[in-house]
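Below you will find the structure I want to go over with you.
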Amino acid sequence: MTVVGPFGLSVRDQALEADVQAGLAAVEAGLLEATKSEVPFITEAAQHLVRAGGKRFRPLLVMLAAQFGDPYAPGIVPSAVVVELTHLATLYHDDVMDEADVRRGVESANARWGNSVAVLTGDFLFARASHILADLGPEAVRIQAEAFERLVTGQILETAGPRDGRDPVAHYLDVIAGKTGSLIAVSGRFGALMSGADESVVDILTQYGERLGTAFQLADDVLDIASDSHESGKTPGTDLREGIPTLPVLRLREMAERDGREEDQELVRLLEGDLTDDARHAEVLSRLRVHPALEQARRDTVQYAQDARAMLAPLPDCFAKAALEELCDAVVHRAG
């Protein structure tokens, strides 16, 4: 059993391990090639987050999904590069919107070069992803365009907030299905599609990716509160400071309204105050870390991971399926 990819995923078969490792190495080379420019400064900015590392969760999913067809088909590695480039581009934009100082344990692009350079670098990465997509055919372009539309829609919905009368938790789950689930769903879809897998398998791995992506983001929500910066590569409580109502906060508000406990209502009032104040921010973070709302968010994460695992049931038993099942466990472990 060998550990590969993000979260220490264990692969129980040497052939599968070799395929995944070779695929991820080819993706890494493809990312560096795709982020080169004739302008050295653009290369430096575009490769800033590539060289900072990352879990390469989406390319890994492409590689595992490709095992249900021909894992050596020519479109697999380029499609994995596309989804990772798209993801990286959104990180540049997210850091501007969140005014983040740290990303993947290094200084964020906006902190280093300013918002304009960070936004334009994200746009450059989108352009390079589109260039690669064009060689994968019109269906791949359509799939990516639909996912990108969902991703942007999710971001807009987050910014706009729930409409009057809409359950905030249901609204938020729609937001992250778009912002995160859509691109991870495409990772499963591209891997299966490019490998020539049966249509039913493509559909299963798309739906699996959607649910796993939601669990992945919910785990991030928990980590934003529960972890330190060494674990997450981000400053703890970033979402709190920016006033982004992630699932633990929404569960807290839900409990405060339902149960009427004074200490919950007091914590909600603190959350609605100025969390750019370091002392207030630290107090809110420490109280949320021991609140039942955080545990509820963990249970929500587990449920979505279990739903993702259940989607795999119709697939034939094989080492790739076992690895996909383990990914569900790994996502839950992050929020543990």
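The values are calculated or read from the model by the stated rules, or taken from the named source; none is laboratory data. Predicted model, so just to flag it, every value in this text is computed and none were measured. Don't worry about glycine lacking a Cβ; one is built from the backbone with ideal geometry, like all the others, and counts go over all protein chains shown. Calculation scope for accessible area: heavy atoms of the full protein, side chains included, ligands and nucleic acids excluded. Shrake-Rupley method; radii C 1.70, N 1.55, O 1.52, S 1.80 Å.
Can you list residues from other chains, or at least 5 along the same chain, whose modelled amide H is less than 5 Å from the amide H of R103?
Result for R103 returns S108.
At most 10 other C-beta atoms within 10 Å and a DSSP loop state: those are the exposed GluC sites (Glu not before Pro) I care about. Give me the longest piece of the chain that has none.
Counting only loop sites that pass the neighbour cut-off, the longest clear stretch is 39-271.
Still on this model: Between S37 and E272, what FRET efficiency follows from the Cβ-Cβ distance if R0 is 41 Å, with the result rounded to 0.05? Walk me through the numbers on the way to the answer.
Values: r = 44 Å, r/R0 = 1.08.
Efficiency, rounded to the nearest 0.05: 0.40.
What list of ³J(HN,Hα) couplings, whole Hz, do you get for segment 166-179 from phi and the Karplus terms 6.51, -1.76, 1.60, once you set θ to phi - 60° and write x for glycine and proline?
7, 4, x, 5, 4, 4, 5, 5, 5, 4, 6, 4, x, 5
Right, here's the next one. Taking the simple approach of a point 7 Å from Cα along Cα-to-Cβ for both Y72 and A160, what is their distance in nm?
Placing both labels 7 Å beyond Cα along the Cβ direction yields 4.9 nm.
Take the alpha carbon atoms of segment 14-197, find their radius of gyration, then divide it by 2.2 N^0.38 Å using N residues; give the quotient.
1.06
Can you give me the solvent accessible area of D277 with a 1.4 Å probe, rounded to the nearest 10 Å²?
It works out to around 70 Å².
Karplus couplings for segment 142-154 from phi (6.51 cos²θ - 1.76 cosθ + 1.60, θ = phi - 60°), rounded to Hz, Gly and Pro as x?
These are the phi-based 3J(HN,Hα) values: 5, 4, 5, 5, 5, 5, 5, 4, 5, 4, 5, 4, x Hz.
Got the relative contact order for segment 14-197 handy, in percent, Cα pairs under 8 Å and 6 or more residues apart? Don't jump to the answer; show the numbers that get you there.
On the way: 237 pairs, mean separation 55.0, N = 184.
Value for segment 14-197: 30 percent.
For segment 102-118, just list the computed ³J(HN,Hα) in residue order, Karplus coefficients 6.51, -1.76 and 1.60, θ = phi - 60°, integers in Hz, with x standing in for Gly and Pro.
Karplus-based 3J(HN,Hα) across segment 102-118 equals 10, 8, 6, x, 10, 4, 5, 4, 5, 5, 7, 10, x, 5, 4, 5, 5 Hz.
Just read off the accessible area of M194 with the full protein assembly in place, 1.4 Å probe, to the nearest 10 Å².
40
Report, ordered by chain and residue number, the aspartates and glutamates lying within cross-link reach of K36, taken as a straight Cα distance under 15 Å and ignoring same-chain residues fewer than 8 apart.
Correct list for K36: E28, E44, D123.
Nearest 10 degrees is fine. How inclined is helix 292-311 to the longest principal axis of the chain, computing both from alpha carbons?
Compared with the principal axis, the helix lies near 20 degrees.
Could you tell me how many degrees, from 0 to 90 and to the nearest 10, lie between the Cα long axis of helix 182-194 and the main elongation axis, the longest principal axis, of the Cα atoms of the chain?
10
Which sequence of S79, S116 reflects their accessible areas, 1.4 Å probe, from the largest down? Don't jump to the answer; show the numbers that get you there.
On the way: S79 0, S116 85 Å².
Accessible-area ranking of S79, S116, largest first: S116, S79.
Measure off, as a whole percent, the carbon and sulfur share of the 1.4 Å-probe accessible area of the chain, all protein chains present.
The value for the chain is 52 percent carbon and sulfur by accessible area.
Also, quick follow-up: Helix-only estimate, please: 222 nm mean residue ellipticity of the chain, summing -39500 (n - 2.57) across DSSP H runs of length 4 or more and dividing by its residues, to the nearest 500.
For the chain, the value works out to -23000 deg cm²/dmol.
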